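Have a look at the structure below, then the notes.
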Amino acid sequence: MEMRSIGSLPVSAVGLGCNNFGMTIDAEASRAVVDAALDAGVNYFDTAEIYGGGKSEEFLGAALAGRRDEVVIASKFSHAMFLPEGQRGGEPAWIRKCIEGSLRRLGTDRIDHYQIHTPDPDTPHEETLGALAELMTEGKVTEIGCSNFSADLIDATTRAAAAIGVGSYASVQNHYSVLTRDVEDSGVLAACERSGMAVVPFFPLESGVLTGKYSGTARPAGARLTTMKGRTWDRFLSGENLAAADRLTGYATERGRSILELAIGWLVSNPAVASVICGATKSSQVVANVAAAGWTMTPAERAEIAALA
């Protein structure tokens, strides 16, 4: 598989999102998914302290035992929705507590790519970046990243890092797919280009909408999204998204491709993208996701597809 970079880290163009570990699948199934990913050439594994209440990190660490140096482990800390009341997610002492917990659960002495999960509006950027720089100096972290950051926040943190003489975030992990292009429209991609940051998309398949499982006329009984209502339903299974998915499926079919190939190929064909985070609960899904990255698109083709979405 093509290798790209997040700072000094070489990463596979398709990564494995481990959010299902400990929530949807158990340790044995998680190991099978990890094994399939490694066999397919995936080296970037993305988890977070909150996934599965910590079990995602535990299952991933156990599955990678004896193979730790073959991979890039990415984890995230301080999601605002899961912080204790009154706790600031970017506070240095809190970051120390978070990383020690993650290192213990992962069974490793370092996290290759350590990312703040959501912005902390109450802690100065200099304090957060300074604490992360100390962890890098100590060898507990190799590169740092942010997630769910706006263009303004990316610019602000870049300035803050320069002001105190430390490295800034090497990447931003945001929701990005052919159906959700806020990172383009809001200036996040432009800010990343200014700052030399890579983009790591999550929800690239819109939780299954871009796999061919759903359409405007068919919603499979028992599929995960069909059991959800409210915001989750509106976010992914809106009539607008389903209609767009049908148009994209038609475009792909005309070219002898699948909508899965279109969704992943569209992102991988963007040079700003480092690794596309694809979740999986089965080995077959990992294999399909990696194979889908083989559709290399021209800028003109990407524009045609974006217009259909």
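The values are calculated or read from the model by the stated rules, or taken from the named source; none is laboratory data. As the structure is a computational prediction, the values presented were derived from the model and not from experiment. Reconstructed Cβ throughout: ideal geometry from the backbone, glycine too, with neighbour counts over all protein chains shown. What goes into the accessible areas is simple: the full protein's heavy atoms, side chains included, and nothing from ligands, DNA or RNA. Shrake-Rupley method; radii C 1.70, N 1.55, O 1.52, S 1.80 Å.
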Partner lysines for K282 [C-alpha distance under 30 Å; skip if fewer than 8 residues away on the same chain]: K55, K76, K213, K229
Computed [θ] at 222 nm, deg cm²/dmol, the chain (DSSP H ≥ 4; -39,500 (n - 2.57); rounded to nearest 500): -12500 deg cm²/dmol
The stretch 54-162: relative contact order in percent, alpha carbon pairs under 8 Å with at least 6 residues between: 29 percent
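At 1.4 Å probe size, with the rest of the protein present, what percent of the exposed accessible area of the stretch 86-170 is carbon and sulfur atoms?
51 percent
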The chain: C-alpha gyration tensor shape, a/c 1.5 cut-off, then a/b vs b/c: prolate
I259 accessible area, 1.4 Å probe, all protein chains in place, Å² to nearest 10: 10 Å²
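If I take every Cα pair under 8 Å that is 6 or more residues apart in the chain, average their sequence separation and divide by the length, what percent do I get for the relative contact order?
20 percent
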Kirkwood hydrodynamic radius over Cα pairs of the stretch 1-149, then Stokes diffusion coefficient at 37 °C and 0.692 mPa s, in µm²/s: 212 µm²/s
Restricting the stretch 78-145 to GluC sites (Glu not before Pro) in coil, as DSSP defines it, with at most 11 other Cβ within 10 Å: E85, E138
Distance histogram in 5 Å bins (all Cα pairs of the stretch 1-42, percent per bin): 5, 22, 24, 20, 15, 11, 2
Accessible solvent surface per residue of the stretch 86-168, calculated while the other protein chains remain in place, 1.4 angstrom probe, Å²: 42 Å²
Neighbour cut-off at most 15 other Cβ (10 Å), DSSP loop, trypsin sites (Lys or Arg not before Pro), the stretch 239-309: R255, K282
Percent of beta bridges antiparallel (DSSP, the chain, rounded to nearest 5): 15 percent
